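Here is the structure we will look at.
Computed from the coordinates by the stated procedures, all read-outs in this text should not be read as laboratory data. Since this is a predicted model, take the numbers as computed values, not measurements. Please note: Cβ atoms are built from the backbone with ideal geometry, for glycine as well, and neighbour counts cover all protein chains shown.
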């Protein structure tokens, strides 16, 4: 046992020794103890490490079943594969380098661990593939699909015959529950998997849209006048009087914001956790009939009657992006969740469906004529399938072809006729291969193999959660609520380093006491290189700054030929590649005389001006000569007691 | 070929009631939108919770009539602390029960200026009455059970008394030998069995009065002292002479050796700052700790050697991390007066302060730590919150909440004034230098601390 402890201690000591900045990874690590860990636990299990001394039976017997605690093995002597190398180590404290080294190592280990996690994905994604050359997937009818799949999956194909007008629907975030609202006021919320009805209401007034709030326990309905919030039992909890004549609703789950837009064309963000409107934006583009949210940055997309699409965030009074998408009004919008909101699909009254790249708004990626006439509804599935419900059919397209630049319609994946016009909503069900279409005769859900994400993360959403889990999740979500101010086009700006504040152009850094300047400014003043620079470029910069100073000197005298306009100029120093900082040279402000000469000059050669110019040129040369003499005199002069009153020489 | 995704309920629901629900994981970032923003929200909440639960004051130990000027903790034991007061009384306290185990009401005439435990549990005290006394500080009569007879506690006589010629300011016992050192105007080394000092240590040109004195913990013959003539001296008692002396710009009131890093020493200076030195290179401090707005009167390292506490004339207790320029936390109390002595408990969870008002106060080292037994999940949650706070400390809001402390108005104003003064001085120096009136290299503040290093 003592031998074991000794071995452990050795390993410990070794570990402690190895805390340093990254060593050369090519040097093989000596393995002197049986307890020395070996990469991941998996590996150790596969090939038991040979004990140091064959004779020590105790060590051999125990070490097979013993591992170094995982927490310790993390701090191993392994060097990261991608070595952290900093330019100019002189300026980087050792402890900081050490920290960077460990961070790099941890990042790599996390990446390795991430690969292992793939094993946990046990669910199989749905698929529909043509087998013969002549077979086409879009020729498969729903009946064909239903006949070729299992009993359980057949339940996804459903027809709900309802007579409340045309229906709009919405799935809860975990895809387990569906809320439907008929035009004439029939509202229901139910668990579609088990068929358990939560509530059914006859509101007897126009209902235009419905959405679940954080989970299925509350939902909001856009009714004739206002927006109402109901609970799971269908009890009216709130009437949101601020929201008038609403046509479309969206709910941003991580910000707890209910977003509404309606016929007045006003976009409102209502914080459902505090019950207050946090932002109101007038779109000034008239009644709005289509809205979508980007699930990855919580930006709201609106489609307007004049064919424009606008992007909104709560903290901007104007649209972040404004885009003329269609020649007619925009009927529907959808944001692709599978590419973190990179693609936007729009459909318009001009009968076109367009797909846009949200990083680059110069023209759409692909556009095609919708099939059939009338309003088209678009929706993306979690795996990036695009469903377009238009005329009397629903058409589904699959990812790579939707976003490849090509003329005409992408190849159809699946199509399904629905005779009950109009089709006013199309929704893919999350975590299921199912698309639900709302139409005049109720709702129909069709099976779209491969549309749903197979693996859900229980910490985010869980279709099978119990009541207690739902409650806990609600509390946790509320604690993690993100402030509406943090909504921006780029959601990753949180936690990044802020841009340095723009410097005041008019503040002269020379008049700021040196200890108040930031470090790089001090170094610059002392002629020392920026720590981020390589030594070569630093030398160049030094040279350049010296040159710049000389140039300044030269420009003090008036040069008649110089008529360049700029006050400041940015001088790119050419030193044969590499990242170099541009040197900003400052020029003297133009004198009144200079201005006069310029004004008087033009193309005419005026003898007076020529005389003045010649005079100035001479004067300039004189000043220069005098300065050179002065400098030479400074070097050779005997020191005198009066030197202390002299101004320091200009160099 | 057609297959359709299907989540079978049997795989996702507990098989029997009472079983945990199976969980599934998908680490794809797409299924975790706003991960960073949500983590920031959690970090912000963690910072707020931490400040909400920050109740550092645990309790106070009373019993002294005058201010408490010395504290001693017993090595190897968590619950005992001895305190010496201005009226000459010494009390040995039991920390968990906050009771007085032993009481020596008139141990000295005048202030008990130094107090320390020996390895075998006896107590050594020195006072301005020019006496050093050795006490039997056994709190149990026969190894178990407290001494319950009030008289037997009170009527204890010192085991030995040593008399010197001048008032003593500090005392420290050798780690292993039966030797101790006292500081008056010189340093005396005493043998416990002899009535007069066995050697006297002094630097040739020195006229100092010793303010603090400590043996090194690992090189037990090395002795460090600070003096009223702004010096810090290192002695070796084997050679009986001073090894090295530093003349600083201000005098130091207290010193403390780092318990885990034997070459590191902490000095509490009269110029409101604390300094750590590496004794291998004494030309300048390894770090300066600025924050107190009056002289620092006492300091003590945490037993972990990563942190230390300091108490000052400004009535605040500050806790510092090593090599960090600003204090981690500031404690103050309405009724707490100037702190003359500070001690970390041996488990590094509590800090004790002795102040002018005659109380020994117990503070938590981590202000928001929860005392008592806590559930494993609670511990995990707290660790997670602490990590979050640390990771997001550079976020503007999180950092602001982490750093904000409410201070007594006087301390706050003094700090503002001090900042203004320092800035004005630096401005002036900068201007002088730029105009050419001041020559020479720019000297950093930290290298101005040591004026001279003498061998």
(request) Using only the Cα atoms of the stretch A:97-210, build the gyration tensor, take square roots of its eigenvalues as a ≥ b ≥ c, and label the shape rounded, prolate or oblate: rounded if a/c is under 1.5, else prolate if a/b is larger than b/c, else oblate. (result) oblate
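Applying a 10 Å radius around every beta-carbon, put A:283-296, B:14-27, B:92-105 in order of their mean neighbour count, most first.
In descending order of packing, they fall as A:283-296, B:92-105, B:14-27.
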(message) Quick check: pseudo-label points 7 Å beyond the Cα along Cα→Cβ at residue B:21 and residue B:453, how many nm apart are they?
(response) 6.6
(request) Estimate the FRET efficiency between residue A:631 and residue B:417 by the formula 1/(1 + (r/R0)^6), using the beta-carbon distance for r and 45 Å for R0, to the nearest 0.05. (result) 0.45
(request) Calculate the spin-label point distance for residue A:121 paired with residue B:239, positioning each point 7 Å from the Cα along the beta-carbon direction, and give it in nanometres. (result) 7.0
(request) Give me the angle, in degrees from 0 to 90, between the Cα long axis of helix B:35-52 and the longest principal axis of the Cα atoms of chain B, rounded to the nearest 10. (result) 40
(request) Please work out whether the stretch B:193-276 counts as rounded, prolate or oblate from its C-alpha gyration tensor, where a ≥ b ≥ c are the square roots of the eigenvalues and a/c under 1.5 means rounded, while otherwise a/b larger than b/c means prolate and anything else oblate? (result) oblate
(request) Take every residue in peptide B:19-29, count the Cβ atoms of other chains within 10 Å of its Cβ, and give the average of those counts. (result) 6
(request) On a 0 to 90° scale, report how tilted helix B:409-435 is relative to the longest principal axis of chain B, with both axes built from alpha carbons and the result rounded to the nearest 10. (result) 80
(request) Sort the following peptides by mean Cβ neighbour count (other Cβ atoms within 10 Å, averaged over residues), highest first: A:142-150, A:351-359. (result) A:351-359, A:142-150
(request) Would you tell me the mean number of C-beta atoms belonging to other protein chains that fall within 10 Å of each C-beta in A:453-462, as a whole number? (result) 6
(request) When a/c is below 1.5 the answer is rounded, else prolate if a/b is larger than b/c, else oblate, so apply that to chain B with a ≥ b ≥ c taken from the square roots of the Cα gyration tensor eigenvalues. (result) oblate
(message) Can you compute the FRET efficiency between residue A:155 and residue A:134 using 1/(1 + (r/R0)^6), with r the Cβ-Cβ distance and R0 = 41 Å? Round to the nearest 0.05.
(response) 0.85
(request) Report the label-to-label distance for residue A:608 and residue B:377 in nanometres (one decimal), using points 7 Å from each Cα along the Cα→Cβ vector. (result) 9.4
(message) Applying a 10 Å radius around every beta-carbon, put B:192-201, B:283-292, A:317-326 in order of their mean neighbour count, most first.
(response) B:283-292, A:317-326, B:192-201
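If the viscosity is 1.002 mPa s and the temperature 20 °C, what translational diffusion coefficient in µm²/s does Stokes-Einstein give for the stretch A:244-315 when Rh comes from Kirkwood over Cα pairs?
179
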(request) Within 10 Å of each Cβ in peptide A:126-136, how many partner chain Cβ atoms are there on average? Round it to a whole number, please. (result) 2
(message) If you average the alpha carbon positions of the stretch A:347-384 and of the stretch A:233-288, how far apart do those two centres end up, in angstrom?
(response) 26
(message) Taking 45 Å as R0, compute the FRET efficiency from the Cβ-Cβ separation of residue A:236 and residue B:347 and round it to 0.05.
(response) 0.15
(message) What do you get for the angle between helix B:376-391 and the principal long axis of chain B? Use alpha-carbon atoms, 0 to 90 degrees, nearest ten.
(response) 80
